[in-house]
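Everything on this sheet refers to the single structure shown next.
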Amino acid sequence: MTLNTRPLQIAIALCALLVSAQASAQFSSLDPQQVSTSAGVNLSVVIVDQSDSECQDALTSIPLKCEDLDSVGRADLYAEIGFVDFSLYGELPVFFTLAGSPSEATIGNLEAGVAHRYSMDGPMSLVSHVGLVIPTSSKSKRKSAVAFAGSTGVIRNLHINSTPELWALRVATSPRLDFGSLFMQGDIGFDFLFPNSQSDEVGLRTSIGAGVNAAIATVTAEIANAGLISKGDTFEQTFSIGVDLKTPVIQPRVTFTTGLSDDMADNYTLTLGAAIGF
């Protein structure tokens, strides 16, 4: 799973600044559906309840230095340049300890790629993307522990963000259906992981979500599932409910996520954010 100690984590995104040409509602744990010019940062806080001094990444099985790690901040930086029906994107997470933890800061692995939207006749559209993960994270076990703890609330990026010396190729597709005020999205993705000095692994992501556009808000519900194919018993599952308020210019969003799999059962995430679109 994530941390061997099954930590309780509370992730509160203090703000999420999204500059986008499409301000449509997005699922919190599914792959993004925007294929447009956008840039922004998502800020969050993760509180880690450690009852042990050691944790371990399921991908590398390397013990990490998690002692005295109580709270971690996370900033997800992203940028996207749109060209009609495809876009080029880049994402980079930044992690830093907060009150209750010794001072530490680090960056995660950089992901860059291309996304393409194909609109079909009728209610269906299809967004596919191919991404390359470049190893920019630190080799330090302490810094890796900070990045790993900060990534546990986003299981689709758990190993991608925090594993040092990791190269990876990500391939995914997301069909979406729109029926008036109702919409649905499904994800299926494969992550071909190449960690240095470790056996190559293949990650699998299968997720589904549904939502409804009401007069003053959009409500979404989603189930995300991710894990390593060679380690079937380590697949993690989360359930999320999100609400986007429809207000002029600024669109606040609240998301609650809880673990469904055994190892994630004690974990939950609360995200408070906002979107600014033009």
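The values are calculated or read from the model by the stated rules, or taken from the named source; none is laboratory data. As the structure is a computational prediction, the values presented were derived from the model and not from experiment. Neighbour counts are summed over all protein chains in view; Cβ atoms, including those assigned to glycine, are modelled from backbone coordinates with ideal geometry.
Remarks
- Applying the condition of being of a type in the set (S, T, N, Q) and in a strand (DSSP E or B) to segment 161-194 and asking which residue is farthest from ALA221 (Cα to Cα) yields THR173.
Residues are listed down the side, and each one gets a yes or a no for (1) within 16 Å of the chain's Cα centre (by Cα); (2) among the polar types (S, T, N, Q):
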residue	(1), (2)
PHE95	yes, no
THR106	no, yes
LEU110	yes, no
ALA115	no, no
TYR118	no, no
VAL127	no, no
THR136	no, yes
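- Qualifying residues in segment 144-191 (those that are of a type in the set (Ser, Thr, Tyr) and at pLDDT 90 or above) - the one farthest from SER103 (Cα to Cα): SER181
- Residue that is buried (at least 20 other Cβ atoms within 10 Å of the Cβ) and more than 19 Å from LYS246 (Cβ to Cβ), where the choices are VAL154, VAL171: VAL154
- Residue within segment 214-236 that is in contact with a strand residue (DSSP E or B) (Cβ under 8 Å, 6 or more places away or on another chain), of a type in the set (Val, Ile, Thr) and at pLDDT below 80 present: yes
- Within segment 76-118, being under 11 Å from ALA147 (Cα atoms), in a strand (DSSP E or B) and among the small types (Gly, Ala, Ser) holds for one residue alone: ALA105.
- Check on SER240, at pLDDT 90 or above, polar (S, T, N, Q) and either surrounded by 15 or more Cβ atoms within 10 Å (Cβ to Cβ) or farther than 27 Å from ALA39 by Cα (or both): no
- Filter result (loosely packed, with under 14 Cβ neighbours inside 10 Å and of a type outside the set (A, V, I, L, M, F, W, C)) within segment 175-203: GLY180, SER181, ASN196, SER197, SER199, ASP200
- Filtering segment 98-124 to residues that are crowded, with 18+ Cβ neighbours inside 10 Å and among the hydroxyl-bearing types (Ser, Thr, Tyr) leaves SER101, THR106.
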